[in-house]
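Asks: Attaching a single structure in structure tokens format; questions to follow.
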Amino acid sequence: METIYQLIAGWFAGKPEWLPLAIAIAVPILFIVGVYPAIFAYTTLVERKALGRVQNRYGPNRVGRWGILQPLADGLKLLTKEDIVPRDADKFTHFLAPVIAVIPSVLLFAIVPIAPGLVPVNLNIGILFAFAISTASVLALFMGGWASRNKFSLLGAMRAVAQVVSYEVPMVLAAVAVVMAAGSLSTLDIVKAQTRGGLEIAGWFVFQPWGFVGFVLFAIGAMAESARTPFDIPEAESEIIAGYHTEYSGFKFALFQLGEYLAAIAMAGITVTMFLGGYLGPGIHIPYIGGFIAAFWFFLKLGCMILLNIWIRGTWPRVRVDQLMGFAWKVLLPMSILNIAVVGLWHFMGNKVLAWGVTAAILGLAFVILAKISAAGNIEKRTYRYAN
Amino acid sequence: MGFLGKGLFQGMAVTARNFVGTYFDRGTREKLVTYQYPEEKPPLPENSRSFPFLVYDGTPDAMRCVACKICETECPPQCIYIVMDRDEKGKPQQRPKVFDIDISVCMQCQICVEVCPFEAIKMDNDYEKSQYGRFDDLIEHLPDLLKSNEYYNEIKPTEAKAVDAKLKAEAEKKAKKGTSKPAAAAPAKPAAPAPAPKPATAPAGKITIPEDAPFTAEQRAWLAGFLSAGGVATSGTGVSPVAVAETTGETPVPLPEATPAAEAPAGGWPWHDPGLGMSQRMDLVKAAPLADKLMAAMAQTDCHACGYDCRGYADAIAAGSETDLSLCLPGEAETAKKLEELMKEAGKL
Ligand code: SF4
Ligand code: SF4
């Protein structure tokens, strides 16, 4: 926003003073409202096609060549569908929930930088803002589940709350490590902090032992927070129909879907920003086109994260509720707390190569121990009497 | 080496293999199994079947169907409707004028195919029969149903070859004999196209109780007495010797007071049952007038191939107004022979 303002302020000499400011505000908003939903639309298409391929079939390929008009057809269908509200539903809350589901997801994009200096809002508490906002989405889920007056919806909503609250903790702690290393809460500063170390790529946090652990923790947390497979128990269709959006149809349902996907994309964007070096990549300092190259790198990484998400969704089974909770509190939480200590160690060790080895050893050992402990709690292998 | 989460990565490898594999499938359908239906169709197994069609040789005019209506009678859901073609004088043409099959009712059971003595109706394997209308559009008429023998050979080569060979053998046999039978009535199938199931446990006119039935000797004796008494009582009423014949599998000796032929009303002929063999039917009418005997010799499908119903044909022959004895198509050679025999016996030939 500031960058745009500085860029265009000069062009408007003699015009009313508010004009450049208004434009500088409008452009990022239009960008967020225009580009990310488009990414969402095509994410659904790519997801369906990729899941199809994983399952040895084609996926949508009938509407337009390669099915590229499928999102349009889906949208049209959902728009024209009847909007059904249960008779006993709390009508106002029922109406409000899908709207609220979308808002935090859109707001999340405000702090995701896509090129040097180009972030819709350069908040100096960017990461904090992101967590505050993303947790608000659980409010929408609970509102939807409560207002529907349907026990499955309510069950789904309860699960959603429990899950988001549990996974929020290791996720925030994983982010704390990054904030400690970068020394700032601003997303732009975090990206800049990853250029350290001469080599562009080696500076990315994901290539430090603690950064890798943080990346995995954060990615798992992000997946759980946006309720995507394998953490989609709030809408586990085989158990509780569709969870909190059981009673939603037509475009309200589409809004829930939109909110969920936008949250997933935004979380992927934040993951890229915090661990994968954001817009960093070869060629971003070339004059004039460097900004575009940076944006290209950012969206490439974003796409890879989304594809990883889809791949995981196509592979892993849904975890059980007790496993879900146990995993968050017994594995992720200790790991993330240890990770914070390790970052401190990293910070105070002068020799970075030695620090790399030491921190890797500590974290590796911790992982093995945690694995042993959690495996000890497993129910022993079941033997089937008649299946050979 | 096992570590926490190893299975997750193995799973990811499997899905990745399948994902990439779909792009290198090249039509083997190992990794990409979908048939994109309207453009691609999976090959049908030879024995697949959808709805019946009528076979013709050469031109549609040379259809094999003689409108005998056996299939119409036998079709379990009664979805076939046949009207025989007649010329201006009203003489039957041995071909259907109307042949409709309501495919919304047809249950694809193939029974019409099994009972047709003329190899005229066969099961198609064309399953794309969707229509826009619910009623009339789903009725297939004669032109829709007629398909060539070549088509039959194409969709079901093995079966069609066997049929062709059989028809050829019959044609040769007929040519050798030089009989004057109508050309269309080639095959020599048994007169009873749909044999009624014969009870398996009843040899030699007596109801026997199976050896392994759980009865004591006393009960056995009583049961045997009861059953045979029942049989006698049934036929004694003169209502249904056929019922007895059916249960025993053999014709009971007609009791003196049970001469159904003498008093049974016309049309209520108890042997009107193509499930009985010719000799059984003849036994039943031993004491009956000539017209009844003739009637018993008919195939009794009331197919009108002869231009009468079965009763009418028999009466006409007996009265001398009909001299052609080979008009009963479903009865084929057996009926013709028997008619001749009976007429000779009666001294009318
Ligand atoms: S049984 Fe065969 S010959 Fe007789 S009417 Fe049916 S299709 Fe025609
Ligand atoms: S297949 Fe069965 S139901 Fe269909 S026309 Fe033939 S006898 Fe009738």
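Asks: Considering every residue in A:55-68, what mean count of other chain Cβ atoms within 10 Å of its Cβ is obtained?
Replies: 2
Asks: From the square roots a ≥ b ≥ c of the eigenvalues of the alpha-carbon gyration tensor of chain A, which class results: rounded (a/c under 1.5), prolate (a/b over b/c), or oblate?
Replies: oblate
Asks: Which Cα, out of A:61, A:229, A:387, lies furthest along the positive dipole direction of chain A (beta carbon charges, K/R +1, D/E -1)?
Replies: A:387
Asks: Using protein heavy atoms only (no ligands, DNA or RNA), what is the total accessible area buried between B and A, 1.4 Å probe, nearest 100 Å²?
Replies: Result for this pair: about 1700 Å² buried.
Asks: Any idea of residue A:284's accessible area? Nearest 10 Å², probe 1.4 Å.
Replies: Residue A:284 exposes around 10 Å² with every protein chain in place.
Asks: Residues with beta-carbon under 12 Å from that of residue A:256, excluding residue A:256: net charge, scoring Lys, Arg +1 and Asp, Glu -1?
Replies: It works out to a net charge of -2.
Asks: Moving on. Holding the Cα-Cα limit at 18 Å, pick out from A:77/B:41; A:301/B:6; B:97/B:129; B:122/B:161; B:168/B:337; B:173/B:348 the pairs that are longer than that.
Replies: Over 18 Å Cα-Cα: A:77/B:41; A:301/B:6; B:97/B:129; B:168/B:337; B:173/B:348.
Asks: Taking every pair of Cα atoms in region B:52-165, average 1/r, invert it to obtain the Kirkwood radius, and report Rg/Rh to two decimals.
Replies: Here the Rg-to-Rh quotient is 0.96.
Asks: Set the Förster distance to 30 Å, then compute FRET efficiency between residue A:300 and residue A:128 from the Cβ-Cβ distance, nearest 0.05.
Replies: 0.65
Asks: Turning to a different aspect of this structure: What distance in nm separates the simple spin-label points at residue A:189 and residue A:368, each placed 7 Å from Cα in the Cβ direction?
Replies: 3.9 nm
Asks: Still on this structure, please answer the following. Stretch residue B:154-residue B:168 to full length: gain in nm at 0.36 nm per residue minus the Cα-Cα span?
Replies: Full-extension gain reported as 3.2 nm.
Asks: Contour minus end-to-end for residue A:85 and residue A:387, with contour as 0.36 nm per residue of separation and end-to-end as the Cα-Cα distance?
Replies: Length gained between residue A:85 and residue A:387: 103.9 nm.
Asks: Could you tell me the center-to-center distance, by alpha carbons, between region B:58-89 and region A:142-218 in angstrom?
Replies: 77 Å
Asks: Something else now. Any chance you could run the full-extension gain for residue B:47 through residue B:215? It's 0.36 nm times the residue separation minus the Cα-Cα distance, nm to one decimal.
Replies: 55.9 nm
Asks: With each pseudo-label sitting 7 Å past Cα toward Cβ, what's the residue A:351-residue A:139 distance in nm, one decimal?
Replies: 5.2 nm
Asks: Give the average over all directions of the projected area of the C-alpha convex hull of region A:62-139, one decimal, in nm².
Replies: Mean projected area for region A:62-139: 8.5 nm², to one decimal.
Asks: GNM on chain A, C-alpha springs below 10 Å: top fluctuator among A:76, A:333, A:324?
Replies: A:76
Asks: Let me ask something else about it. Taking the full set of protein chains and a 1.4 angstrom probe, give the accessible area of residue B:215 in square angstrom, rounded to the nearest 10.
Replies: 80 Å²
Asks: Quick one: if the Förster radius is 60 Å, what FRET efficiency do residue A:329 and residue B:86 give, using the C-beta to C-beta distance and rounding to 0.05?
Replies: Computed FRET efficiency for residue A:329 and residue B:86 comes out at 0.10.
Asks: Taking chain A as a Gaussian network, Cα atoms linked when under 10 Å apart, which of A:31, A:299, A:212 shows the biggest mean-square fluctuation?
Replies: Result: A:31 has the largest fluctuation of those listed.
The values are calculated or read from the model by the stated rules, or taken from the named source; none is laboratory data. Here the structure is a predicted model, which means the values were calculated and not measured. Every residue, glycine among them, receives a Cβ derived from its backbone with ideal geometry; neighbour counts consider all protein chains shown. Accessible surface is based on the protein model in full, side chains and every heavy atom, while ligands, DNA and RNA are left aside. Shrake-Rupley method; radii C 1.70, N 1.55, O 1.52, S 1.80 Å.
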